[in-house]
Amino acid sequence: MTTDRSRPIGVFDSGVGGLTVVAAVLSRLPSERIVYLGDTARVPYGTRSAQTVLKYSRNAARFLLRHDVKLLLIACNTASAAALPGLGAELSVGVLGAVEPGAQAAAAVTRSGEVGVLGTLATIRSGAYERALLALAPSLRIHVQPCPLLVPLVEEGWTDPADPVSQLIVRRYLTELRDRAPLLDTLVLGCTHYPLLRPTLAQVASELWGHQVMLVDSAEAMAVATEKLLARQDLLARETEGTNLHPTDRLRCFVTDEARVADVAARFLGRSLPQVELVDL
């Protein structure tokens with residue numbers, strides 16, 4: 001018999017970038033099970049209208065609810081910005097987006113009060129991070145930087161800090177940001193793809209600003225927030241519930257298009273994927 005605590009967590013993203021969130025949650029909560037949906041047939045969401053992103057997000061949520069999830073994680077900053085209010089009001093389970101946890105982490109670590117946000121065009125245009133950060137600390141000064149080329153950079157696997165292409169593109173974006181915010185000391189990685197560029201971002205940021213810039217990983221922040229929310233709702237899986245699970249049983253992975261998924265997704269998850277199942281939303 002499945003108890004409420006032993007039900008899986010549902011996670012969705014526009015592609016496979018959300019597997020960085022899956023990796024962070026499974027590392028922090030080893031007794032939990034996850035059902036993941038990557039809407040790879042319609043990636044990226046970052047160039048879509050808010051209405052389209054909400055429609056796609058509803059499709060994903062309905063699919064995951066059929067797997068009896070106890071909590072829904074929107075592991076996509078673009079979908080979190082466009083769809084979280086609507087889904088939160090419509091669904092019978094708790095819904096956690098990527099924006100609020102990242103904003104809370106950034107507000108907690110900044111010392112200068114100058115916070116930068118890197119994101120897709122859709123995430124930046126939504127103003128979601130500015131609203132979340134200013135709701136937490138109205139005195140913060142927020143500087144946003146759209147980075148439309150970073151997602152395809154990661155998808156192509158050009159994430160090595162020594163790669164001249166990634167160096168050039170990251171330096172171009174961060175130079176624009178540095179020129180507007182020379183006192184910035186905290187940078188939110190506002191896309192689940194961006195943690196794979198963390199070494200390059202950290203290196204270039206240190207060189208440009210001349211001091212340490214704290215990088216806030218929204219995937220790690222979501223894992224922390226997931227644990228807190230499940231604990232509040234008394235839905236954390238008991239330690240004994242995950243002990244007999246094979247690692248492949250802890251994650252069930254669905255995608256809407258199989259092209260290139262296995263090799264790309266393994267980079268996000270940090271290990272080889274279990275069997276990937278194809279679905280039509």
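The values are calculated or read from the model by the stated rules, or taken from the named source; none is laboratory data. Values in this document were obtained by computation on a predicted structure and should not be read as measured data. Glycine also receives a Cβ, built like all others from the backbone with ideal geometry; neighbour counts cover every protein chain displayed.
Numbers for the structure displayed
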read-out	value
Qualifying residue in the stretch 259-269 (condition: under 22 Å from the mean Cα position of the chain (by Cα), crowded, with 17+ Cβ neighbours inside 10 Å, among the small types (Gly, Ala, Ser) and at pLDDT 80 or above)	yes
Residue in the stretch 36-57 that is under 30 Å from ALA181 (Cα atoms), outside any loop (DSSP other than H, G, I, E, B), out of contact with any Phe, Trp or Tyr (no Cβ under 8 Å at 6 or more places or on another chain) and among the β-branched types (Val, Ile, Thr) present	no
Residues within the stretch 193-228 that are acidic (Asp, Glu), touching a residue at least 60 places away in the same chain (Cβ under 8 Å) and surrounded by fewer than 19 Cβ atoms within 10 Å (Cβ to Cβ), tallied	1
Test: LEU140 is more than 20 Å from the chain's Cα centre (by Cα), more than 23 Å from LEU72 (Cβ to Cβ) and crowded, with 18+ Cβ neighbours inside 10 Å	yes
Residue within the stretch 86-102 that is part of a loop (DSSP other than H, G, I, E, B) and buried (at least 21 other Cβ atoms within 10 Å of the Cβ) present	yes
Residue under evaluation LEU184, criteria (1) part of a helix (DSSP H, G or I); (2) over 23 Å from ALA265 (Cβ atoms), criterion not met	(1)
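To keep it simple, each residue is scored yes or no on (1) touching a strand residue (DSSP E or B) at 6+ places or on another chain (Cβ under 9 Å); (2) more than 18 Å from THR123 (Cβ to Cβ).
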residue	(1), (2)
VAL16	yes, no
VAL21	yes, no
ALA24	yes, yes
ARG28	no, yes
ARG33	yes, yes
THR40	yes, yes
LEU64	yes, yes
